[in-house]
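Nothing in this text is a laboratory measurement; each read-out follows from the coordinates by a stated rule. Predicted, not measured: the structure shown is a model, and the values here were computed from it. We place every Cβ from the backbone using ideal geometry, glycine too, and count neighbours over all the protein chains shown.
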Amino acid sequence: MILAKTGNEAFAYAMKQINPDVVAAYPITPSTEIVQLFSNYVSDGEVDTEYVPVESEHSAMTACIGAAVCGCRVMTATASQGLALMHEMLFIAAGLRLPIVMAVASRSLSSPLNIHGDHSDSVASRDSGWLQFFCETVQEGYDTLIQAVKIAERANLPALVGIDGFILSHCQERIETLEDQVVRDFLGRRKPAYNLLDWRNPILVGPATLQDYYFEFKRSEIEGMNQVLPIIEEVQAEFGRIAGRKYPVLEEYRCEDAEAVVVLMGSACGTVRVAVDRMRAKGKKVGMVKLRVFRPLVHSLLKKSLVKFKKIGVMDRVDAVNSYGGPLFTEITSVLYDTDERPWVFSYVYGLGGKEFTPEDAEMVLEQVLTGKEDELVTYVGVR
Amino acid sequence: MFKLADLAKNKELFSHGHRACAGCGEALGVRQIMLAAQTTGLPVVTTMCTGCLEIFSSIYPHSAWQVPMIHTAFETSASTASGVEAAYRVLRRTGRLNEEIRIIAFGGDGGTYDIGLQALSGALERRHRFLYVCTNNEAYMNTGVQRSGATMFGAETTTTPVGRKGYGKKQFEKDLTAILVAHGIPYVAQGSPSFWNDLITKMQKALDTDGPSFINVLAPCRLGWAFPPEETIELGRLAVNTLMGWVSVGMLTPEKSRVVAICAVE
């Protein structure tokens, strides 16, 4: 079915089709609508979900953990301060290997308070052990949220699916949706290995684990994350067969013979596409590499792709205060360090707090990368 | 009234071999509670917050729990129980679980009076059906006896030391039981392992309550209260009877200050 939906509406609609067993959530701009709209589906009896309107995001994530341990398919949604408040519990969800799926309308972090889109919230959760997807369009958000359920359950790891706050969460797009039954058949039912409510086979979840075993648990969790990429690719292929839409983990846009490319995540990829087209029309050899999955970091794919280019601009919609370039920049320079080619890599930080990022800004960045004229370690795009 | 001879036949769902201090009031209380939990004839699933109980009952690869137990974080026993109860409800409603189960959440006074109060309040307001047991030893004993919102006026702790000017905690404890009553939940009680028959009766009432229930259990701590391990039960009894326990400095009058059950019908 073809529908006009904002990012939040598309997420809520996908959640209706997923029909999770439990949703526990707390309102926060700009993700509020996701669960607000979903509660209508609950109220109209269109889903079987037990909806828990908790008193904080901390309790939202905790209730999700409690329900997921009981074998349920569990979802939530949040943004910004809400994700920051959940921080403690994110690590616990991942450490317990629970496939909770969270829709995030990415937003900046206080202070100063700002409700608009950047990647500060998700990237601050980078080391929590969650899979992280960044979407370019509302369509991709809808498709990714459905895929994330299957990926998370196969990987036994939680997954975060981000759309940029307001830029996607509140902008309407034409999207193609699947039928409810198609989504439900695609996902099947969650098959957990353990269930807390199975009292005949009692389990202890979350024991104190000290010097003698902690490291082994963490190592096993890390290995779980290391093995996620093939699962993502498998699920994407399965999804492609039913939906006819495919999203590579790493997309190269007009990168053939490119001398300079930019790498980035999220909605600004659409903006950069326009800039690339304009510059290609002028005969300039530029392209874009879109990264859709931030965790697991697909370092082998990144390396394979990026060594082909002489100059690379890495664009972060978040700053890691006083680190050696933006968070994605440091990842990518690490990935490229042991290659013979060692391309030039430049760090750009743009669009914090929803600061407008126009095709002209993108052209400026591409032009700079192409000419290799960068004096500063980090270029802050468009800041006064 | 329960008979010890009958209770002794129940299974030890909180088994021996855990690492609590000798004479630990919390371990005694939890053992009695898990014996009492069987009097309903229904299986129980449990949650606990970080603290002494979690540390002494569940150091991997050992466990004292003969029932399902989940620990997530310090302030989260009630919110974890919310999730477990939501799962229970949806599985029952959709016909994927066909038996009744009772849920018990444990928290110490730090995890209940202080850092976990918001999560507890929210869970009660949402009317999840579970029993919350606060094992209250009136300070942060697990981290080494720091003052909590449950510590009494004048009590010496490692963060309210008696010195040339200091005389112990300068504030009164909060009356958590009254706060719980104010939530209008169907069952709120106070108990002590020193009055085991009373505690077990209250456990049974709480588990039979259709809705959230709460029991505040005084658990003398030999480390924090500084007494020999053989005196736990006696000290608990004295605390209740002489008003030196947690019921002494609250809104309760001396006439009512013996272990009181406060029941408000929703």
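Data overview
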| item | result |
| --- | --- |
| Rounded Å value of the spacing that divides the Cα centres of region A:88-149 and region A:190-230 | 22 |
| Per-residue Cβ neighbour rank within 10 angstrom, fewest leading, A:TRP344, A:TRP130, B:TRP225 | A:TRP344, B:TRP225, A:TRP130 |
| Three-way shape label, the protein assembly as shown, alpha-carbon gyration tensor, a/c 1.5 | prolate |
| Region A:190-289: trypsin sites (Lys or Arg not before Pro) in DSSP coil with no more than 11 other Cβ atoms inside 10 Å | A:ARG200, A:LYS282 |
| Charge dipole (debye, nearest 20) of region A:250-380; +1 at Cβ of Lys and Arg, -1 at Cβ of Asp and Glu | 380 |
| Point-charge dipole on Cβ atoms (K/R +1, D/E -1) for region A:206-268, about Cα centre, debye to 20 | 280 |
| 0 to 90° range, to nearest 10: angle between helix B:25-37 axis and chain B longest Cα axis | 20 |
| Per-residue [θ]222 nm for the protein assembly as shown (sum of -39500 (n - 2.57) over DSSP H runs n ≥ 4, rounded to 500) | -11000 deg cm²/dmol |
| Cut-off 19 Å, label 7 Å out along Cα→Cβ of A:LYS282, residues of region A:365-384 by amide N | A:365-374, A:381-382 |
| Rounded, prolate or oblate (a/c below 1.5 giving rounded, otherwise prolate when a/b exceeds b/c) for region A:250-380 by Cα gyration tensor | rounded |
| Sites matching GluC sites (Glu not before Pro) across region B:1-73 that sit in DSSP coil, with at most 15 neighbouring C-beta atoms within 10 Å | B:GLU12 |
| Estimated dipole of the protein assembly as shown in Debye, rounded to 20 [Cβ of Lys and Arg +1, of Asp and Glu -1, Cα centre] | 640 |
| Cβ-based charge dipole, the protein assembly as shown, positive-most Cα from A:ALA68, A:VAL274, B:SER15 | B:SER15 |
| Mean-position separation - Cα centroids, region A:2-58 and region B:156-177, in angstrom | 46 |
| Euclidean distance between Cα centres, region B:1-73 to region A:292-368, Å | 53 |
| Chain A: most fluctuating residue of A:CYS135, A:CYS64, A:CYS72 per GNM, C-alpha cutoff 10 Å | A:CYS72 |
| On Cα atoms only, tilt of A:327-337 relative to the major axis of chain A in degrees | 70 |
| Residue among A:ASP340, A:ASP361, A:ASP180 with the largest mean-square fluctuation in a Gaussian network model of chain A, springs linking Cα atoms under 10 Å | A:ASP340 |
| Cleavage-rule hits (chymotrypsin sites (Phe, Trp or Tyr not before Pro)) in region A:187-285: DSSP loop, at most 15 neighbouring Cβ within 10 angstrom | A:TYR194, A:TYR213 |
| Most mobile listed residue (A:GLY266, A:GLY165, A:GLY95) in chain A, GNM with C-alpha springs under 10 Å | A:GLY95 |
